[in-house]
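The values are calculated or read from the model by the stated rules, or taken from the named source; none is laboratory data. Note that this is a predicted model, so its numbers are computed, not measured. Positions of Cβ are backbone-derived with ideal geometry, glycine not excepted, and every protein chain shown enters the neighbour counts.
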Amino acid sequence: MSPGLDAVVLVHGLWVHGAVMALMRRRIARSGFRVLAYSYPTLRLTLTENAQRLARYCRDISEPRVHFVGHSLGGIIVLRMLELNRGVPPGRVVVAGMLFIGSYAAHRFCRLPGGRAALGRSMSEWLAAGGCDPGGGRDIGVVAGSLSLGLGSVVVPDLPRPSDGVVSVAETAVPGMKDRVVLHVSHSGMIVSSAVARQVCAFLRDGVFVH
């Protein structure tokens, strides 16, 4: 495929804004993609509401191929959007630091005072649903981290390893994923990692990571 004809939509994670994806956006754009950083309310809306909001955003993208890169909660929203909206233009999906199988840290966090509210309505819906039908037949690549740093490692010091400090590698397994790569990065560090950006570009271009 020709990357010059492809759009890439970056979807950020919990508690932040699309601006945090600026460095990854520039790095992916250097590979010839038109990269868009999407922002959404991470706490106020449900997962389904955020998924439908992303689908509406995609209607204004004119490129014939649209890829998605979701970090953490952003990956969950991408997969739910594709489950509910099969008419989105074809393309590949990369999810980074995204839990799919349960969430040891999130369930422990919910036990803290105010913890459930702090995770927001989208994450609460995901934990209750226990998964989705991912991707609608798309190639899905998974980036997992093995550097256990961050809030999760403090709140949940017994988080199963290897982990990125929030999500364990075992929790990142998406049914039907095309490929997975484990990098020595933390959960938050993924969005500024040049290694992650290179792997994202490789998967969007070739459908496999560089091992």
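General remarks:
- Residue match in region 57-73 (condition: in a helix (DSSP H, G or I), closer than 28 Å to R198 by Cα and of a type in the set (D, E)): no
- Which listed residue is farther than 19 Å from H187 by Cα, at pLDDT 95 or above and touching a strand residue (DSSP E or B) at 6+ places or on another chain (Cβ under 9 Å), from L54, L47: L54
- Residue pairs meeting the criteria (Cβ under 6 Å; at least 6 apart or on separate chains; first assigned to a loop (DSSP other than H, G, I, E, B), in region 191-211; second acidic (D, E)): G207/D139; V208/D179; F209/D179
- Conditions (1) farther than 27 Å from T48 by Cβ; (2) surrounded by 18 or more Cβ atoms within 10 Å (Cβ to Cβ); number of the one not met by H211: (2)
- Answer residue from region 10-62, given it is more than 21 Å from A128 (Cα to Cα) and β-branched (V, I, T) and is farthest from the chain's Cα centre (by Cα) among those: I61
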